[in-house]
1. Which listed residue (TYR57, SER71, VAL33) has the Cα farthest towards the positive end of the charge dipole for segment 27-251, taking +1 on Lys and Arg C-beta and -1 on Asp and Glu C-beta about the Cα centre?
2. So what J values fall out for segment 245-250 if you push phi through Karplus, 6.51 cos²θ - 1.76 cosθ + 1.60 with θ = phi - 60°, rounded to Hz, Gly and Pro as x?
3. What ³J(HN,Hα) values, in whole Hz, does the Karplus curve 6.51 cos²θ - 1.76 cosθ + 1.60 give for segment 107-124 when θ = phi - 60°, with x put for Gly and Pro?
4. By average Cβ neighbour count within 10 Å, what is the ranking of 243-250, 147-154, 179-186 from highest down?
5. If you stretched the chain out fully between ALA133 and LEU251, how much longer would it get, using 0.36 nm times the residue separation minus the C-alpha to C-alpha distance?
6. Using the Karplus curve 6.51 cos²θ - 1.76 cosθ + 1.60 with θ = phi - 60°, work out ³J(HN,Hα) for each residue of segment 223-236 in order, rounded to whole Hz, and write x for Gly and Pro.
7. What are the residues whose amide H is under 5 Å from the amide H of GLN194, where those residues sit 5 or more places off or on another chain and H is modelled from the backbone?
8. So how do ILE216, ILE38, ILE188, ILE236 line up by other beta-carbon neighbours within 10 Å, fewest first?
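Where a number appears in this text, it was derived from the coordinates with a stated rule and is not lab data. Because the structure is a prediction, the values reported are computed rather than measured. So basically every Cβ, Gly included, is an ideal-geometry build from the backbone, and we count neighbours across all protein chains shown.
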Amino acid sequence: MTAPPRTAVPESVMPLRRIGKEIDLPWPTAVWVLTVHILTILSPILVIVVVSANRAYLDGVLDRPELLYVSAVLLIVASVCESAQNTLDRWYLIGTPPTLLDFLFQSLVMLALAVNIIAVEGDRAWVWWLAFAGAAAFSFAYLMGWPTPPLQTVLGVASAYLLYRALDQPVVILGLITVYLTLYFLHILLRTRQQVMHGFVTGINAVGLMATVIAIRWSANGEGMSWPLVIAIALIVVGATMSLRPALLRLSPTPHKDELVD
């Protein structure tokens, strides 16, 4: 008896090929962007770890340190929303109009900042009201199409300042530099459509979160970084990025996979 002929699986129904067609980037760029997104999603776990390891110390300098766990979870969910948005956009961030996922991503980040503020100053009822009102005002402004950077700035600066005042660690302020870097690389990305920049836009957020992790650890162990060193690092970063800007703006757009020549 002869064996029945083997039927080849049509290319159109093979999961690997179908999924691969949805990733409209050269594979090295796609791997870079995906890896950075995964690391960004996981980075808030380090906050949970460092808070747990130094909980006794934080109980003495923060009003409600347990809320830092809530903030970390909010950031994880926010990063998942951001990654899902980029996947649905075929990983091409080219000035996509506001979407539900983008709204959720940005609103959750603002809510996480509000929770950080309450974690530090949670013994005052008016702080709760102001923090949540700021997060709600951001969401409302987003939905109405009004400018949101002022609200983002207020919540970001308030969170960084209060953490600095509680921990006495100037390194916390470096987290504000990452806000500048995010906007910087986003500007380059939107101008050039070079998707390598997409990885930097996302990864900088994880780097900014590390400033908080380091500040908690240093503060609990009596270590730290001086203000002159923090200022020097900030000046070097800003100066280097400004000097690189003309060259980065000359980058070519990342081609679609079907535009690549084998």
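1. VAL33
2. Per residue, the Karplus-derived 3J(HN,Hα) values read 4, x, 5, 5, 5, 8 Hz.
3. So the J values, rounded to whole Hz, are 5, 5, 5, 5, 5, 5, 5, 4, 5, 4, 4, 5, 4, 7, 10, x, 8, 10.
4. The peptides rank, most packed first, as 179-186, 147-154, 243-250.
5. 38.4 nm
6. Calculated HN-Hα couplings, in order: 10, x, 10, 6, 4, x, 5, 4, 5, 5, 4, 4, 5, 5 Hz.
7. Residues meeting the criterion, in which the H sits 1.01 Å from N, are THR254.
8. ILE236, ILE38, ILE188, ILE216
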